[in-house]
Amino acid sequence: MDSDFATLIRTIIIVLILALLVIFQGKWINHFSFPLKSIIFLSLSAMATGISWLCYFKALQIGNAYQVATVDKFSLVLVTIFAYLFLAERLSQVELLGSG
């Protein structure tokens, strides 16, 4: 299956599940009440996620799964480092070990 088409199917299923979840939990709100800044950041986040998924599936098509997954999961380590450096978050030894 083409990786782009697989990503489309995955995204449609995610949208349906989340829409049902939000509707049944009564969390559906008027999106026009969001501040523009929030809409911009949500849009940028969605674009980054979509591009990440496309790259991940394409990498799986052309590379070894263990190599692709290793690079993909390294983002957890980067988030831990950035949280420490830029957000002044302090992590316990257990959390650092888990990130490692």
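Points worth noting:
- Among the residues of the stretch 14-51, those that are exposed (fewer than 10 other Cβ atoms within 10 Å of the Cβ) and either closer than 25 Å to ILE62 by Cα or among the aromatic types (Phe, Trp, Tyr) (or both) comprise PHE24, PHE32.
- Which listed residue, of LEU16, LEU54, LEU20, is assigned to a helix (DSSP H, G or I), farther than 28 Å from SER75 by Cα and among the aliphatic types (A, V, I, L, M): LEU20
- In this structure, LEU60 does satisfy being touching a helix residue (DSSP H, G or I) at 6+ places or on another chain (Cβ under 9 Å) and either surrounded by 10 or more Cβ atoms within 10 Å (Cβ to Cβ) or on the phi > 0 side of the Ramachandran plot (or both).
- Scope the stretch 81-100; condition surrounded by fewer than 11 Cβ atoms within 10 Å (Cβ to Cβ) and touching a helix residue (DSSP H, G or I) at 6+ places or on another chain (Cβ under 8 Å); matching residues: ARG90, GLY100
- Entry remark, the stretch 41-100: residues being in contact with a Leu (Cβ under 8 Å, 6 or more places away or on another chain) and touching a residue at least 12 places away in the same chain (Cβ under 8 Å) number 3 in total.
No lab work stands behind these numbers, since they all come straight from the coordinates. Note that the coordinates shown come from a computational prediction; the quantities given were computed from them, not determined experimentally. Cβ sites come from the backbone with ideal geometry, for glycine too, and all protein chains shown count toward neighbours.
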